[in-house]
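Accompanying notes for the structure given below.
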Amino acid sequence: TLFRGLQGGSNTLETLVLSQNVIGNRGAKMISDFLKESSALLTLDLSWNQIVEEGCSNIFDGMTTNQVLEQLNLSQNRIGHEGGVSLSNMLKVNKSLKKLSVSSCHIPESCGGMLADSIFVNASIVELDLSWNLLGSTESSIVTAFAS
């Protein structure tokens, strides 16, 4: 498969667009493993791939050790609460990510405070798309953290 071909080999691939390929959680795990090894990938688009909480958590786990990727698009997947917690944890330690799009990912209000705290300590994010989530009243704390 494509993921097996990428693992352990490509240190020159800078952009990978897999939008609308229905990779699901299994593919997300393989992407996570690739992210842990990649030293060149700058842009990754995984939007519209039917990745749910577990798969999103795996990707964010891969991002905790990856300090190269600058742009990540996970829009139109289902991050949910579990994935939102993993996203928050990743944002606390990742220093390379500049643009993050997680629009329409079913991120619940229960993750809003955690995200605000993570964004406050993350100095690398310059563009963040959280539109069409379920953040409710926590949106203002996220905006405040981003503006700080």
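The values are calculated or read from the model by the stated rules, or taken from the named source; none is laboratory data. Here the structure is a predicted model, which means the values were calculated and not measured. All Cβ positions, glycine included, derive from the backbone under ideal geometry; neighbour counts span all protein chains shown.
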Next item on the list: Could you please find all residues in region 75-87 being assigned to a helix (DSSP H, G or I) and either over 10 Å from the mean Cα position of the chain (by Cα) or more than 19 Å from GLY55 (Cβ to Cβ) (or both)?
Entry: GLY80, HIS81, GLU82, VAL85
Checklist line | Cross-chain or 6+ apart pairs with Cβ under 8 Å, region 128-145 first and over 14 Å from SER110 (Cα atoms), then aromatic (Phe, Trp, Tyr) and surrounded by 14 or more Cβ atoms within 10 Å (Cβ to Cβ) | finding: LEU128/PHE146; ALA145/PHE120
Notebook entry, point to check: Is one or more of the residues making up region 99-116 of a type in the set (Lys, Arg), part of a loop (DSSP other than H, G, I, E, B) and either out of contact with any Leu (no Cβ under 7 Å at 6 or more places or on another chain) or surrounded by 14 or more Cβ atoms within 10 Å (Cβ to Cβ) (or both)?
Noted result: no
Next item on the list: Only one of these is at pLDDT below 95, in contact with a strand residue (DSSP E or B) (Cβ under 6 Å, 6 or more places away or on another chain), of a type outside the set (Phe, Trp, Tyr) and closer than 26 Å to LEU13 by Cα: LEU128, LEU72. Name it.
Entry: LEU128
Next item on the list: Kindly list, by first and then second residue, each pair from a residue in region 15-34 that is in contact (Cβ under 8 Å) with a residue 12 or more places away in the chain and within 21 Å of GLU70 (Cα to Cα) to a residue that is of a type outside the set (Ser, Thr, Tyr) and assigned to a strand (DSSP E or B), limited to pairs with Cβ atoms under 7 Å and residues at least 6 apart or on different chains.
Entry: LEU16/LEU44; VAL17/ASP45; LEU18/ASP45; SER19/ASP45
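Listed here are the residues, each with its yes/no results for (1) at pLDDT 95 or above; (2) in contact with a strand residue (DSSP E or B) (Cβ under 7 Å, 6 or more places away or on another chain); (3) surrounded by 18 or more Cβ atoms within 10 Å (Cβ to Cβ); (4) in a helix (DSSP H, G or I).
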position: LYS36; (1), (2), (3), (4): no, no, no, yes
position: SER39; (1), (2), (3), (4): no, no, no, no
position: ASN49; (1), (2), (3), (4): yes, no, yes, no
position: GLY55; (1), (2), (3), (4): yes, no, yes, yes
position: ASN58; (1), (2), (3), (4): yes, no, yes, yes
position: THR64; (1), (2), (3), (4): yes, no, no, yes
position: VAL68; (1), (2), (3), (4): yes, no, no, no
Item checked: Conditions (1) modelled with pLDDT of 95 or more; (2) surrounded by fewer than 19 Cβ atoms within 10 Å (Cβ to Cβ); number of the one not met by ILE79 -> (2)
Next item on the list: Inspect all residues belonging to region 108-128 and state whether any of them is over 24 Å from LEU35 (Cα atoms) and aliphatic (A, V, I, L, M).
Entry: yes
Note to self: Go through (1) in a helix (DSSP H, G or I); (2) out of contact with any Gly (no Cβ under 9 Å at 6 or more places or on another chain) for GLN20 and report which single condition fails.
What the structure shows: (1)
Next item on the list: Considering every residue within region 7-19, establish whether at least one is at pLDDT 95 or above, over 18 Å from ASN94 (Cα atoms) and touching an Asp or Glu at 6+ places or on another chain (Cβ under 6 Å).
Entry: yes
